[in-house]
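Participant: Mind looking over this structure? Questions follow.
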Amino acid sequence: MASEETGGLAQTATVKLSEMGERTKQLGTAIQDPERQRRIILVIVCVALLLDNMLYMVIVPIVPDYLARLESESEQVRVTANSSTNRTQNENFDVQIGVLFASKAIVQLIVNPLTGTFIDRVGYDIPLFIGLSIMFVSTCIFAFADNYTTLFVARSLQGLGSAFADTSGIAMIADKFTEESERSRALGIALAFISFGSLAAPPFGGVLYEFAGKRVPFFVLASICLADGILCLTVLKPFSSRTRENMPVGTPIYKLMIDPYIAVVAGALTTCNIPLAFLEPTIANWMEETMNSSEWEIGLTWLPAFFPHVLGVYMTVKLAAQYPHLQWFYGALGMVIIGASSCIVPACKSFEQLIIPLCGICFGIALVDTALLPTLAFLVDVRHVSVYGGVYAIADISYCVAYALGPIVAGKIVHDLGFVQLNLGMGLANVLYAPALLLLRNVSLMKPSHSERNMLLEDGATGLYDTIRMEERQRKKHGYSSSGNCVPIDENGTFAGQSKSFSEEHTSEPDYI
C-alpha cells in the first residue's frame with residue numbers, strides 16, 4: 001500500500017516536472033520570437049528610464065526635510081546662536097541641497113562622453129545591465145544613508161548608473177526599431193515613461209515618506225530595479241553573446257559633436273529643458289510667497305502636466321507618421337509653446353491658474369523631444385555609421401547641462417534678479433532658438449552616400465563591411481536580432497547578398513524621416 005502511494009506521488013511529481021519543463025521551453029521559444037523580443041526589450045528599457053527618473057525626483061520631498069531634521073537634532077545639542085549666524089546656516093543649507101540635487105547631472109555630464117564611446121565599442125546590452133546594477137546599489141545606499149555625505153555619494157553614484165542605462169537604453173531602441181515610424185513610436189513610449197517617472201515621483205515619495213518612513217520609497221524602487229536587472233540578464237544575455245564582433249566601429253563622439261545638424265538638435269534639447277530644470281527648485285518657494293500654497297498643492301504642482309506631456313507625445317508620433325518631413329516644425333512649435341508658457345508663469349495668482357502654463361511647458365517639451373530624438377538616429381544613419389551610443393550620449397549631455405545648472409544657478413538668478421526675470425529669460429531663449437531648427441528642414445531629403453561615408457569614417461568601406469551591413473539590415477527587416485556573429489554563405493561559397501552593391505541597396509531602400 002505504501003509502495004503504491006509512493007509510486008503515485010513519484011508519477012505525479014514526474015508529470016508536474018514535465019509540464020514545468022514544457023512551459024519553460026515554450027517561454028524560451030516565445031522570448032526568442034523576434035517581435036516579442038523587441039517588445040520585451042522596450043519594456044526593459046522603459047522600466048529602466050522610469051526608475052532613473054523616479055529616483056531623480058523622489059528625493060525632492062524627502063531629502064530636504066530629512067536633512068533639516070538631522071540639522072535640528074544637531075542644533076539642539078549646541079547653544080542657540082544669534083540671528084545672523086542662523087541666517088548664514090540657512091543659506092549654507094540651501095547651497096548644500098542645491099549641490100546634492102545637481103551632483104547626479106554633473107557626474108552624468110562628465111561621464112557621458114566615456115560611456116557613449118564604451119557603448120559603441122561593446123554594444124547596448126552590457127552597459128544597460130551595468131547601469132541597472134549601479135542604480136540598484138545607489139538606491140540601497142539612499143535607503144540606509146543617515147548623513148549628507150552618504151546621500152551625496154548615493155546621488156553621484158546614480159549619475160554614473162544613469163550615464164550607462166539611459167544612453168544605452170535609448171540607443172538600443174533606435175537600433176532595434178529601424179523603421180522611422182516604429183522608431184518614433186517606441187521612443188515616444190520611452191518618453192512617456194520618463195515623464196511619468198519625473199512627475200509622479202514627488203507625490204509617490206512624499207506620501208510613503210510621511211506614512212511609512214524614509215526607507216520604504218527606496219526599497220520599492222530597489223525591488224523594481226532588481227527585477228528589471230534580472231529580466232535584462234535573462235532576455236538579453238549580455239555576457240553570453242558578442243553583438244559587436246561583425247559590426248562597424250561607430251563614429252567618434254567628437255566628430256558627432258561637430259556635425260552642425262546634431263549640434264542644432266542638441267542645443268534645442270538643452271534649451272527646451274531649461275524651464276523645467278530651473279523651475280523645479282524655485283517654484284515651491286515662489287508659490288509659498290505669492291499664493292500661500294499648502295504642502296499638498298506644492299507636492300502636486302507638476303503631476304497634472306503628465307497628461308498634456310503624453311498628449312504631446314501621441315500627437316507628434318501621429319503627425320510624424322503622416323508628415324515626416326515636418327519634424328523640425330514640430331520641434332520649433334514646441335519651443336514657441338514652451339517660451340510663451342514660461343512667460344505666463346509669473347502672472348499666475350492661484351494654484352489653478354499655475355497649472356495651465358506648467359502643462360504648456362510639458363506639452364512643448366513632449367513635442368521637441370518626440371520630434372528630435374528620432375531625428376538624431378536618422379542623422380547618424382544618413383551621415384555617419386548606424387551605431388547610436390555616441391549620438392544619444394550627446395542627447396543625454398544636452399539634458400544634463402540643463403539639470404546640472406538648474407539647482408545651482410536658478411536660485412542665484414531668483415535671488416539677484418527675481419522670479420519674473422528668470423521666467424522671461426527662459427521664455428525668450430526658447431522663442432529665439434526656435435528658428436534655428438529651420439536648418440533641419442531638408443534633413444528628410446538626405447540619403448546615405450558612399451563618398452560621404454568614406455569621408456566621415458577613418459577607414460573607407462570594404463566589401464566585407466558592406467556585406468555585413470546588408471546582412472544586418474536583412475535580419476532587422478525580418479525581426480532578427482543583430483547579435484549573431486556569422487554571415488551566411490551560399491552554395492557557391494560566397495557571402496550571401498555580395499552581388500548587390502552598397503549604392504544599389506540604398507537606391508532601392510531610401511530612408512525618410
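The values are calculated or read from the model by the stated rules, or taken from the named source; none is laboratory data. A quick note: this is a predicted structure, and the numbers were derived from the prediction, not measured. Ideal geometry is used to build each Cβ from the backbone, glycine not excepted, and the neighbour counts take in all protein chains shown. Just so you know, the surface numbers come from the protein's heavy atoms only, side chains and all, with ligands and any DNA or RNA stripped out. Shrake-Rupley method; radii C 1.70, N 1.55, O 1.52, S 1.80 Å.
Participant: Please report, to two decimal places, log10 I(q)/I(0) for the range 266-401 at q = 0.09, 0.15, 0.17, 0.18 Å⁻¹ as given by the Debye formula with identical point scatterers on the Cα atoms and no solvent.
Facilitator: Those come out to -0.31, -0.75, -0.91, -0.99, one per q.
Participant: Calculate, in whole percent, how much of the Cα-Cα pair population of the range 103-156 lies beyond 19 Å.
Facilitator: In whole percent, the long-distance tail amounts to 37.
Participant: Shifting gears a bit: With +1 assigned to the C-beta of every Lys and Arg and -1 to the C-beta of every Asp and Glu, and no other charges, what is the dipole magnitude of the range 155-247 about the Cα centre in debye, to the nearest 20? Present the calculation step by step, with values, prior to reporting the outcome.
Facilitator: Details: 9 positive and 8 negative charges, 62 e Å.
So the magnitude is around 300 debye.
Participant: Let me cross-check VAL249: its accessible surface, 1.4 Å probe, with only protein heavy atoms counted, in Å² to the nearest 10?
Facilitator: 90 Å²
Participant: Another question, then. Got a number for the accessible area of HIS415? Probe 1.4 Å, square angstrom, nearest 10.
Facilitator: About 150 Å², ignoring ligands and nucleic acids.
Participant: Can you pick out the pairs among LYS214/LYS237; LYS255/LYS412; LYS104/LYS412; LYS104/LYS349 whose Cα atoms lie more than 29 Å from each other? Please list the in-between numbers first.
Facilitator: On the way: LYS214/LYS237 35 Å; LYS255/LYS412 35 Å; LYS104/LYS412 19 Å; LYS104/LYS349 33 Å.
In this structure, LYS214/LYS237; LYS255/LYS412; LYS104/LYS349 exceed 29 Å between Cα atoms.
Participant: Along the range 180-195, what does the Karplus equation 6.51 cos²θ - 1.76 cosθ + 1.60 (θ = phi - 60°) give for ³J(HN,Hα), rounded to whole Hz, x for Gly and Pro?
Facilitator: In residue order, the calculated couplings are 4, 5, 5, 5, 4, 5, 5, 5, x, 4, 4, 5, 5, 5, 4, 4 Hz.
Participant: To continue, here is another question. Sorted from largest to smallest, which semi-axis lengths in Å does the alpha carbon gyration tensor of the range 154-308 give for its equivalent ellipsoid, taking the root of 5 times each eigenvalue? Mind showing how you got there, number by number?
Facilitator: Details: eigenvalues 234, 109, 42 Å².
Square roots of five times the eigenvalues give 34, 23, 14 Å.
Participant: What list of ³J(HN,Hα) values in whole Hz, one per residue of the range 169-176 in order, does the Karplus curve 6.51 cos²θ - 1.76 cosθ + 1.60 (θ = phi - 60°) give from phi, with Gly and Pro shown as x?
Facilitator: Once rounded to whole Hz, the list reads x, 5, 5, 5, 4, 4, 6, 7.
Participant: Follow-up. Could you check how much of the accessible area of the range 136-225 is carbon and sulfur, as a whole percent, using a 1.4 Å probe?
Facilitator: Values: 2190 of 3100 Å².
Looking at the range 136-225 in its full context, I get 71 percent from C and S.
Participant: When only alpha-carbon atoms count, how far does the range 282-352 stretch along each of its three principal axes, as whole angstroms with the largest first?
Facilitator: The Cα atoms of the range 282-352 stretch 47, 21, 17 Å along their principal axes.
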